[in-house]
Each structure stands twice: as C-alpha cells, then as structure tokens.
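Engineer: Starting off with a structure, shown below.
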Amino acid sequence: MPMYGDLGNKLVQHAKRTQNLSHLPPYQTELVRAVAREIRDLDKDVAILLEPFQGSFDPSAEQATACTLLVNHLSMRRNKRCLLAYHRTRTDKLEELVWNGADVLDLAGQTTGAPKGVADGNEGSGTTSSLSPQEEDYFRQFGDLLALYKGQWTDIDLTGSLEPPRDLFIDVRVLKDAGEIQTEYGAINLTKNSQFYVRQGDVERLIAQGYLQKLG
Amino acid sequence: MSYYDIDAILTDAEKIPCTFQIDVPDLGYLDNQPGHTLKSGSRVALPIWLAEMLAIANTGAVDMDDPSQSSKSFITFDLPPALGNDVVQALKADPRSVPLRDQSAHFYALATHMMELSEEPELSAVLRKTFVSRAAEIALHARKVGGGGSSYHGREGGGGAGGKSKGKATKEDNASNLGVGGAGEDFLRGLDEWERKLFRSAHDGTKASKEWMENVKKR
Amino acid sequence: MALPLPPGLTQNEVAFLAEMEMVTVVPRQRLDTIDLLSGRTPQLRPPHRAQLPLWLALLLKKQRRANIVPPAWMHPASLAEIIHRETKEDPEAFSAPPPPPSRALYSQPGTARRLNHHASYLDDFSQTQDSQQQQQQQQDILSPPFLPSNVAESPAGYLPYHWLEVAEALLTHAGDDMPAPAGEVRSLLRDLVEVRAAKMRSSTSALEGFGDAWLTLRGVGAMELAENRAFLAGLVDGVRKIGASAEATRREEEEEARRGGEYGGDGDEDSDEDMGL
C-alpha cells in the first residue's frame with residue numbers, strides 16, 4: 001500500500017541519479033505534479049479534521065486527532081522538502097553546465113542520453129526537452145548573468161581552463177574552419193589543416209571546443 | 001545545507017520499527033489496514049522522518065497511571081534491523097567481510113542519525129573501528145583499480161556515472177586486474193554511500209597522479 | 001559549479017609550483033642576468049655552476065644551453081638508503097625531511113649566519129649580491145619551494161618536499177645528466193612511491209581506537225599529499241560524524257557540571273522537556 005511520501009522519494013532518487021550524470025535527464029513533470037497533488041490532498045484532510053473544532057483544538061484532549069494531524073503535517077513537509085531538493089539539484093547541475101560553456105540549444109534539443117550537435121538545435125519532430133520551461137528560462141538568465149560578470153575582465157576568461165600553464169607558445173593544427181582570431185601579432189585566419197605557432201592562452205577555448213589540435 | 005542534501009533525505013526514508021502508544025482511528029493505512037483503527041501497541045515500520053517527530057512530540061496529556069511521569073509520546077521506536085545485534089557482532093568479528101550495503105545503502109548515515117536520537121556508545125565504538133579498517137581496504141582497492149602499480153586503465157571507461165558510482169568490477173576488469181579477485185569484487189559491492197565516496201576520492205587521486213606522471217614527458 | 005575542483009591543490013598545480021625550486025646548472029653558453037619578479041638570476045659564465053629556478057633550468061636544457069646537476073639525494077645510493085630507512089628502520093613514520101638551512105649559507109659552506117639576515121632566495125645564490133637589495137629583503141625563508149633542497153649541495157639521504165616532481169622532471173628532461181642510468185633511478189623512485197603509499201594507507205589505523213587520534217604526516221611529499229588529501233579528509237570527517245553525538249553528550253555533561261558548580265543549584269531548571277505540540 002503506497003504511503004505518503006513515496007512519490008517524493010522517487011523524485012529524490014531521480015535527483016540522486018542526476019548528481020552523478022554529466023547531463024540533465026528529462027524533467028519529471030508528471031511526478032512533480034503528483035507530489036504537489038498529494039500535498040493539496042493532505043491539506044484538505046487537515047481542514048476536514050479541524051472543521052468540527054472551529055478554531056479551538058486542544059491536542060491533549062484529542063490525542064488521536066492530534067496524532068493524525070501531525071502525521072499529515074509531517075507528510076506535507078516531507079513532500080515539500082523532496083520537491084525543493086529535486087529542483088535545487090537540477091538547478092545546481094544547470095549552473096555547472098553554464099560555467100562549462102554549454103549552449104542552450106544543446107540542452108533543449110536533447111532527449112535521454114543522446115545529445116545533439118550544436119548545429120541541429122530544437123527540431124519540431126516531437127522531441128521533448130529535458131528541461132521544464134522554467135528551467136530553460138533559468139538557464140538562459142543565468143547564462144546572461146555569467147556573461148555580464150565575465151565581461152568585466154577582458155584579459156581573463158573566468159570560464160577558461162584551470163590547468164596551470166605549461167608552455168607559453170604552442171604549435172596547433174586547425175581541424176575545422178574557425179574564422180579569424182586576434183593575437184598580439186595581428187589577426188590569424190584559421191583555415192582547415194593549416195598550422196600555427198600561437199600563444200596558448202589565445203587558443204585554449206578553441207582547443208577545448210575541438211577546432212584546433214595541440215601538436216607535440 | 002543539509003535540508004537539500006540528497007543523501008540525508010534518502011537516509012530519512014529508511015524505516016525503523018515503532019510501537020504506537022495510543023489508538024488512532026485514521027492511521028490504519030500505516031499498518032496496511034486503511035479504514036481500520038491503528039491500535040495502541042501495534043508495531044509498525046515507519047520512515048525516520050515520520051517516526052523521529054512522532055517519538056519526540058509530546059501528547060500534552062498526563063499519563064493517568066503515573067502522573068509524576070512526563071507526558072507520553074505517540075510512539076516509541078527501536079533501532080532498525082540493519083543496526084541489530086547480529087550485525088554489530090559480525091562487525092566486531094571481521095568488519096571487512098560484512099557487506100554493509102546489504103543492510104542499508106546509507107548504513108553510516110542511518111547509524112549516525114539514530115545515534116543522535118538515542119545514546120548508543122557501543123555502536124559508536126564499533127562503527128568507528130569498522131569505518132577506519134574498511135577505509136584502509138578501500139584505499140588499497142582504489143589504488144589497484146586506478147592503475148597505481150599496474151598498467152590497468154579500464155575503470156575510467158566504464159560509462160561515467162555507472163562505473164564510478166557503483167564501484168563494481170566488470171568481467172573485463174577481473175581479467176587484467178592483478179589481485180582483485182572475486183573477494184575484492186564482493187567487498188566493493190558491499191560498500192555503503194559514505195564508503196563509495198571515499199573510494200571515489202582515493203581513486204580520483206590515484207588516477208590524477210598516474211595521468212600527471214604520464215604527462216611529464218609532454219611538457 | 002564555478003570552481004569544480006576539490007579543496008587543495010591538484011597534481012598539476014603542485015608540479016607547477018615545484019618548478020620554482022632552485023637547482024644547480026652547468027651553463028654551456030654565457031647568459032646575462034635576467035630580471036625576474038623575485039630577483040635577478042645569476043650571470044651564467046661557463047663552466048661555473050650557478051643556481052636557477054627549475055623552470056628556467058629546464059628551458060635552457062631544452063635549448064641545449066645548460067646541463068642540470070641532479071641533487072645529491074637523487075643518487076641511487078641515497079635513494080637506496082632512504083628506502084632502507086622507510087622499510088626496515090622505521091616502518092611507521094615517513095622519512096624525515098631535510099634539515100632546515102637556517103644556519104649555513106649553501107653557496108658559502110662553513111659560514112653560519114643569524115636567522116633574520118636572509119636575503120631573497122635568488123640573491124642568496126647569485127654571485128652578484130647587491131648589498132642594497134640584501135638589506136631590503138629580509139625575510140625568513142622557511143618553506144618550500146624556497147628552501148634550497150634540490151641544489152647540488154643539498155644533503156643526501158633526505159627527501160625534500162617536492163621530491164617526486166623534481167625527480168620526474170629531471171629524469172624526463174635531463175636524464176643524460178644523471179650520475180647513474182636513468183632507468184635505475186626511476187625504478188628506485190617507483191619503489192619509494194609504492195612503499196610510501198602503502199605506509200600512508202596503514203597509517204590510517206591510528207584512527208581506529210576510541211577518543212583522540214591523529215595521523216602524522218611529517219615527511220610526506222607534496223605530490224603524495226595532493227593524491228591522498230581528499231581520501232584522508234573524507235576519512236577523518238567520517239570518524240568525526242560517527243562520534244558526533246557522543247561528543248555532543250560529553251560536552252553537555254561538561255557544561256552542566258561546570259554550571260552546576262558555578263551556581264551551586266540544580267542545572268536542570270531550564271531543561272526543555274516540556275515541549276507541547
């Protein structure tokens with residue numbers, strides 16, 4: 001016989017799984033709705049129980065009712081905690097993805113386990129988004145906030161590599177056309193298969209994204 | 001921020017045996033009898049988040065048989081079977097051979113939570129020794145699996161979450177892994193959540209050192 | 001998250017910092033002093049030895065402009081002695097770190113000085129000691145990578161804090177400068193790594209008993225710390241949590257006893273037992 005709080009538990013188990021994954025699994029809309037429904041039902045029960053007393057309820061006189069009220073109250077609190085923790089875990093993950101430079105298109109067009117390429121974007125072929133609409137909004141706004149913060153410094157990329165530098169200048173080969181970049185020696189046009197000797201700091205992002213390959 | 005802590009929430013879902021001290025008409029469903037009254041003296045397994053508060057909450061009524069006593073609570077509770085005497089004795093005998101995960105995936109979290117509710121000095125001492133001695137074993141396995149000493153690489157490829165968080169060795173792992181035989185596999189399978197985190201820390205450390213050493217050439 | 005790294009340094013960061021250690025080089029070409037942030041490098045006039053930071057030494061070695069003299073502790077005989085000490089003489093503790101150079105100036109053996117008269121660590125080893133600079137920078141140098149533990153004159157038989165990083169760097173990029181075949185030194189180092197790793201694991205047994213306990217990490221190297229930090233911290237934290245409620249009870253009792261003694265009354269008067277619904 002399912003007990004109050006079981007649905008909430010399922011949500012939290014989803015959250016636990018999410019913590020260990022590198023991407024965000026689909027938002028559990030139905031489960032979230034069911035938990036919220038359970039809270040509303042419990043609240044109704046409490047109102048029904050208290051109705052006859054008309055505001056003057058004495059717990060020591062009506063111990064059984066007091067016990068039932070407490071159980072309902074605790075169940076509501078438990079469900080609330082599960083809901084909040086689930087959403088919090090997901091937003092933590094979203095923030096982590098933003099810091100790592102994820103694109104909103106990557107996530108929105110994602111189905112379970114199969115991330116699409118940057119170019120594909122959101123197809124209308126019935127692909128459900130992994131994120132709830134509110135989460136997509138959160139993701140976008142957080143991304144804007146981060147961009148605003150980063151914009152204060154032109155010399156430092158706050159989302160750049162955390163690895164200590166090895167060589168100042170490195171040889172790189174261009175794997176895909178990456179357009180033009182600015183260096184202290186002028187602009188370089190990164191066309192496929194060409195090789196350059198450049199400052200590591202200038203090209204770190206492009207290496208991480210797969211446009212360039214470090215040689216040697 | 002333990003309110004949002006997923007492991008704390010999951011630990012609180014574990015059930016402990018409780019005994020009701022009063023009749024409650026509406027709570028029959030807790031004992032699989034919806035619609036019936038839950039009688040005083042009934043023994044029901046309730047999740048900690050519920051039992052904890054019901055045990056502490058004061059009914060406000062005075063115990064008629066003994067008015068000098070402080071007021072009754074709705075339930076009393078006992079330690080869960082996972083922390084029962086046979087488990088404790090087994091741990092005293094050989095902590096490394098007990099698969100804690102079979103008792104509870106959140107064994108240590110469960111135990112520490114229960115110890116907050118009631119004093120258990122013997123349990124505390126046994127658990128400390130258990131934790132430390134198993135941790136040494138975990139470090140050993142983490143090093144072997146992480147490639148320290150041997151040239152084994154397989155673990156990292158085990159699918160991001162699945163491989164690391166479960167700590168399980170696959171058939172491939174056994175073939176090339178020296179020293180981690182069936183017993184090692186069993187041990188790792190029996191780790192609870194706290195121990196898995198330790199394993200992950202130890203393994204990540206070993207792996208990073210190995211990577212660093214290999215990369216020295218590439219400077 | 002903004003900073004996904006765990007607390008403490010990663011192995012790469014430790015290695016990066018280790019490159020600030022001073023080593024002895026034998027220049028093959030002349031080089032004038034370079035103005036660095038911490039001071040000026042010595043003039044390089046072959047065949048006179050000089051002391052440079054490791055990163056600069058490695059750069060010059062790559063460009064074939066200098067050879068690096070490995071520190072005495074890296075000699076196979078020294079390493080074998082250390083291994084012997086770690087396994088036979090004292091299987092519990094890690095081998096002691098090198099003695100601090102607070103008294104003697106390495107570049108001028110035989111001269112003892114008072115502690116507070118240190119110059120910047122670079123000036124200490126450069127031939128061109130500017131007395132004005134010496135007066136300006138008077139700090140006690142007491143921690144790596146500023147201790148001179150990897151120069152040619154450093155005492156043998158002791159593992160300095162950055163032993164693994166410096167040894168690996170020298171073996172990889174200056175293997176031909178070794179007094180013995182690089183392979184021999186490398187295998188001795190591997191043995192040392194394994195012995196000490198095992199020792200680290202078994203040292204945790206100190207935490208098993210009841211009450212206060214501690215792990216002695218004296219003599220542990222930087223890389224070993226980076227590797228084990230997360231594990232040891234997790235272990236100690238777990239022990240803390242297991243004992244937390246017993247500890248809380250003990251403190252309450254102590255507090256009550258104190259209060260009872262001070263006020264001479266019943267400490268129970270404010271107890272919270274009557275907590276209604």
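Engineer: If a residue must be surrounded by fewer than 17 Cβ atoms within 10 Å (Cβ to Cβ) and of a type in the set (K, R), how many such residues does the range C:30-48 contain?
Structural biologist: At the first step, the residues of the range C:30-48 found to be surrounded by fewer than 17 Cβ atoms within 10 Å (Cβ to Cβ) are C:30, C:32-38, C:43, C:45-48.
If we keep only those that are of a type in the set (K, R) too, we end up with C:30, C:45.
So the answer is 2.
Engineer: Quick check on this structure: which one of C:L5, C:L58, C:L17 is in a loop (DSSP other than H, G, I, E, B), hydrophobic (A, V, I, L, M, F, W, C) and either surrounded by 18 or more Cβ atoms within 10 Å (Cβ to Cβ) or within 13 Å of another protein chain (Cβ to nearest Cβ) (or both)?
Structural biologist: Working: C:L58 fails: in a loop (DSSP other than H, G, I, E, B); C:L17 fails: in a loop (DSSP other than H, G, I, E, B).
Within the list C:L5, C:L58, C:L17, the selection yields C:L5.
Engineer: Here's another thing I want to ask about it. What are the pairs, 6+ residues apart or on separate chains, where a residue within the range A:187-213 that is in a helix (DSSP H, G or I) has its Cβ under 8 Å from a residue that is of a type in the set (K, R)?
Structural biologist: Sorted first by the residue in the range A:187-213, then by its partner, the pairs are A:Q200/A:R166; A:I207/A:K214.
Engineer: While we're looking at this one, here's another question. Cβ contacts < 9 Å: first residue touching a residue at least 12 places away in the same chain (Cβ under 8 Å), restricted to the range A:128-141; second residue in a loop (DSSP other than H, G, I, E, B) and among the aliphatic types (A, V, I, L, M), any location; separation 6+ or different chain. Result?
Structural biologist: A:S130/A:L24; A:L131/A:L24; A:E135/A:L24; A:Y138/A:L131; A:F139/A:A102; A:F139/A:L131
Engineer: Continuing with the same structure: Out of the residues in the range B:1-25 that are among the polar types (S, T, N, Q) and under 16 Å from B:P47 (Cα atoms), state the one that is nearest to the other protein chains (Cβ to nearest Cβ).
Structural biologist: Among residues in the range B:1-25 that are among the polar types (S, T, N, Q) and under 16 Å from B:P47 (Cα atoms), the one nearest to the other protein chains (Cβ to nearest Cβ) is B:T11.
Engineer: Of (1) under 18 Å from B:Y4 (Cα atoms); (2) crowded, with 19+ Cβ neighbours inside 10 Å, A:T65 satisfies all except one. Which?
Structural biologist: Looking at each condition in turn, A:T65 falls short on (1).
Engineer: Another one. Please go through the range C:193-250 and give me each residue that is farther than 16 Å from B:A142 by Cα, more than 8 Å from chain B (Cβ to nearest Cβ), of a type in the set (K, R) and part of a helix (DSSP H, G or I), ordered by number.
Structural biologist: C:R240, C:R250
Engineer: Going through B:I48, B:I9 one at a time, which residue ends up being free of Cβ contacts under 8 Å to residues at least 12 places away in the same chain and either touching a helix residue (DSSP H, G or I) at 6+ places or on another chain (Cβ under 9 Å) or over 28 Å from A:H87 (Cβ atoms) (or both)? Spell out the reasoning first.
Structural biologist: Working: B:I48 fails: free of Cβ contacts under 8 Å to residues at least 12 places away in the same chain.
Going through B:I48, B:I9 in turn, the sole match is B:I9.
Engineer: If you don't mind, there's one more thing I want to ask. Conditions: (1) surrounded by 13 or more Cβ atoms within 10 Å (Cβ to Cβ); (2) outside the structural domain of A:L24 (by TED's automatic domain parsing). A:Q195 meets all but one. Number of the miss?
Structural biologist: Of the numbered conditions (1) surrounded by 13 or more Cβ atoms within 10 Å (Cβ to Cβ); (2) outside the structural domain of A:L24 (by TED's automatic domain parsing), the odd one out for A:Q195 is (1).
Engineer: For the range A:70-94, how many residues meet the condition of being surrounded by fewer than 18 Cβ atoms within 10 Å (Cβ to Cβ) and away from chain B (no Cβ under 12 Å)?
Structural biologist: Residues that pass the stated criteria total 0.
Engineer: Ok, one more. Name every residue in the range C:157-183 that is in a loop (DSSP other than H, G, I, E, B), of a type in the set (G, A, S) and out of contact with any His (no Cβ under 9 Å at 6 or more places or on another chain), in order of residue number. Let's see the steps before the verdict.
Structural biologist: Looking only at the range C:157-183, we keep the residues that are in a loop (DSSP other than H, G, I, E, B), and these are C:157-162, C:174, C:178-181.
Add one more test, that the residue is of a type in the set (G, A, S), and what stays is C:157, C:174, C:180.
Across the range C:157-183, the qualifying residues are C:G157, C:A174.
Engineer: OK, next. So which pairs qualify, if the first residue must be in the range C:217-237 and closer than 11 Å to C:L164 by Cβ, the second must be surrounded by 23 or more Cβ atoms within 10 Å (Cβ to Cβ) and among the charged types (D, E, K, R), the Cβ gap must be under 6 Å, and the two must be at least 6 apart or on different chains?
Structural biologist: Sorted first by the residue in the range C:217-237, then by its partner, the pairs are C:M223/C:E165.
Engineer: Name every residue in the range B:56-87 that is at pLDDT 90 or above and of a type in the set (G, A, S), in order of residue number.
Structural biologist: Within the range B:56-87, B:A82, B:G84 qualify.
Engineer: Let me ask something else about it. Is one or more of the residues making up the range C:63-78 more than 14 Å from chain A (Cβ to nearest Cβ) and either over 23 Å from C:P181 (Cβ atoms) or basic (K, R) (or both)? Step through it out loud before you land on a result.
Structural biologist: Quick first cut of the range C:63-78, residues more than 14 Å from chain A (Cβ to nearest Cβ) only: C:64-78.
Of the ones still in play, those that are also either over 23 Å from C:P181 (Cβ atoms) or basic (K, R) (or both) are C:64-65.
Checked against the condition, which is being more than 14 Å from chain A (Cβ to nearest Cβ) and either over 23 Å from C:P181 (Cβ atoms) or basic (K, R) (or both), the range C:63-78 yields at least one hit.
Engineer: Is there any pair with a first residue in the range A:152-170 that is within 12 Å of chain C (Cβ to nearest Cβ) and a second that is modelled with pLDDT of 80 or more and part of a loop (DSSP other than H, G, I, E, B) whose Cβ atoms are under 7 Å apart and which are 6 or more apart or on different chains, and what are they?
Structural biologist: A:T159/A:G101; A:L162/C:L5
The values are calculated or read from the model by the stated rules, or taken from the named source; none is laboratory data. Please read all numbers here as calculations on a predicted model, not as lab measurements. We place every Cβ from the backbone using ideal geometry, glycine too, and count neighbours over all the protein chains shown.
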